[in-house]
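The next block holds one structure in the form of structure tokens; read it before the comments.
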Amino acid sequence: MKIAMVAPEKLPLPGNGSVEICILGIARELAHRHQVTIISRQIQGLATTEQIDGITIQRVPASSPVMYTKAVIRLLSQQPYDVIQVDNRPRSMATIKRAFPRTPVVLYLHSLTFAQPGPSKLTLMKKADWIAVNSHSLRQRLGRRFPLVKHRMSVVPLGADLSRFRPVESSEEQIHLRTQFGVTKPFSILYVGRLIPGKGVDVLIRATALLQQQMPVQLVVAGKGPPYYMRKLRELAQKQKVHVSFRGQINHEHIDQLYRAVDCLVCPSQEHEAFGLVNVEAMASGLPVIASDNGGIREIIESGINGYLVTAYKRPQRFTSYLYKLASNHTFAEKLGKAGRDSARAYFSWARTAMHLEATYTRLIRK
């Protein structure tokens, strides 16, 4: 098959955005058996055309979403494709489908953000030959917004690179990585993601402050956000006297090393999470995970078996109680981390994601 994958116009690929990470992860698997082209935004310092792991990446100007879609269509017109996948942009997908009415066009939605309710969005969604969504939770919510196209939606869970995201292999490796990332306390908690109010980092800071009253602990925060909110978080940490290190945005190529340097990951999201890729990456790395019982996260974690789900996730005390369980019992934390790794290997690999998509592409082409 000749497959074209159209990335959103916002960030270049390869990149640190979760959608961009997913596209590249899936494309690497599909490229073992098919001819895959990714179209992404042009940015200074990156070549217009590049080969990565058997994938062709072509970059086009993206001065605006409309201009980006036009440039994508011009590029797609240069050669025929068997199937076109557009990630997270219903409007762009609909325009591309109008330009190539005889080619199957798939929309892969990663969140609710670009699928707000309303008749105009429904018109766009109806253009897709098929809609992939990353969780049953997302499908349910989208189905309520767009009942007329729910029958075209299928769940295709995301994954992780299981060879790169792996458990730490020796105490020497962990000591080296802890030194590299400045992890100095006996028990360390990691947060990875955007630093915005809906992600609950303030709740995690308060939870860490409570745990700190019982044992030495360090919070490591990897991600970036608006300067005003970053200031708020730093002030809160200072006020709560929390030992926290803000690491900023860490390139996704190196984030696996940070997972191996810490003792657990916490995902304290306060708003709907369609999937929660960081949870899968941490589980693949053998880290015990504590996360909000929220959206698609509950499709990844089975509480008490391969991680913990926090039901009353607006209350810091709930996170603290689970953190204490892990911090006070290293053997149990190790066991939970191993169960998480087993779950990731069984259900959340890019190979499985690609297999789901491949089957659908084949069906659409035959149809």
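The values are calculated or read from the model by the stated rules, or taken from the named source; none is laboratory data. All of these numbers come straight from a predicted model, not from anything done at the bench. Note that we place each Cβ from the backbone using ideal geometry, even for glycine, and neighbour counts take in every protein chain shown.
Output the strands (runs of 3 or more DSSP E) that fall wholly within segment 1-69 and possess 2 or more residues being touching a strand residue (DSSP E or B) at 6+ places or on another chain (Cβ under 8 Å) and in contact (Cβ under 8 Å) with a residue 12 or more places away in the chain, or say none. Lay out the reasoning, then the answer.
Values: elements: 2-6, 35-41, 49-52, 55-60.
Correct list: 2-6, 35-41, 55-60.
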**Message:** Among the residues in segment 68-83, are any basic (Lys, Arg) and more than 20 Å from Gly17 (Cα to Cα)?
**Reply:** yes
**Request:** Scan segment 54-61 and give yes if some residue there is surrounded by fewer than 16 Cβ atoms within 10 Å (Cβ to Cβ), of a type outside the set (Ser, Thr, Tyr) and within 19 Å of His252 (Cβ to Cβ), otherwise no.
**Result:** no
**Request:** Answer yes or no: is there a residue in segment 160-172 that is surrounded by fewer than 18 Cβ atoms within 10 Å (Cβ to Cβ), under 22 Å from His272 (Cα atoms) and under 24 Å from the mean Cα position of the chain (by Cα).
**Result:** no
**Fill in**
Of those in segment 289-332 that are in contact with an Asp or Glu (Cβ under 8 Å, 6 or more places away or on another chain) and either within 19 Å of Asp256 (Cβ to Cβ) or not aliphatic (A, V, I, L, M) (or both), the residue surrounded by the most Cβ atoms within 10 Å (Cβ to Cβ) is Ser292
**Message:** Let me spell it out: the conditions are (1) charged (D, E, K, R); (2) under 19 Å from Gly248 (Cα atoms); (3) assigned to a helix (DSSP H, G or I), and Lys150 meets all of them except one. Which number is the exception?
**Reply:** (2)
**Request:** Report whether or not Lys232 is among the basic types (Lys, Arg), part of a helix (DSSP H, G or I) and over 26 Å from Arg178 (Cα atoms).
**Result:** yes
**Item:** Unique match (being at pLDDT below 95 and surrounded by 16 or more Cβ atoms within 10 Å (Cβ to Cβ)) among Lys121, Lys97, Lys127
**Value:** Lys121
**Asked** Restricting the search to segment 235-270, which residues are touching a strand residue (DSSP E or B) at 6+ places or on another chain (Cβ under 9 Å) and either basic (Lys, Arg) or in a loop (DSSP other than H, G, I, E, B) (or both)?
**Response** Val242, His243, Arg247, Gln249, Ile250, Ala261, Val262, Asp263, Pro268, Ser269, Gln270
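So which of Val278, Val220, Val201, Val244 is modelled with pLDDT of 95 or more, of a type outside the set (Asp, Glu), in contact with a Cys (Cβ under 7 Å, 6 or more places away or on another chain) and surrounded by 20 or more Cβ atoms within 10 Å (Cβ to Cβ)? Explain how you work it out, then say what you get.
Numbers: Val220 fails: in contact with a Cys (Cβ under 7 Å, 6 or more places away or on another chain); Val201 fails: in contact with a Cys (Cβ under 7 Å, 6 or more places away or on another chain); Val244 fails: in contact with a Cys (Cβ under 7 Å, 6 or more places away or on another chain).
Among Val278, Val220, Val201, Val244, only Val278 is modelled with pLDDT of 95 or more, of a type outside the set (Asp, Glu), in contact with a Cys (Cβ under 7 Å, 6 or more places away or on another chain) and surrounded by 20 or more Cβ atoms within 10 Å (Cβ to Cβ).
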**Request:** Scan segment 92-128 residue by residue and report those that are touching a residue at least 12 places away in the same chain (Cβ under 8 Å), of a type in the set (D, E, K, R) and outside any helix (DSSP H, G or I).
**Result:** Lys126, Lys127
**Prompt:** List the pairs whose first member sits in segment 327-352 and is farther than 27 Å from Pro186 by Cα, whose second member is crowded, with 21+ Cβ neighbours inside 10 Å and among the acidic types (Asp, Glu), and whose Cβ atoms are under 6 Å apart, counting only residues at least 6 apart or on separate chains?
**Reply:** Trp350/Glu29; Ala351/Glu29
**Item:** Top-ranked residue in segment 130-159 [being of a type in the set (Ser, Thr, Tyr) and touching an Asp or Glu at 6+ places or on another chain (Cβ under 7 Å); ranked as surrounded by the fewest Cβ atoms within 10 Å (Cβ to Cβ)]
**Value:** Ser137
**Prompt:** Would segment 14-31 turn up any residue that is among the basic types (Lys, Arg) and loosely packed, with under 14 Cβ neighbours inside 10 Å?
**Reply:** no
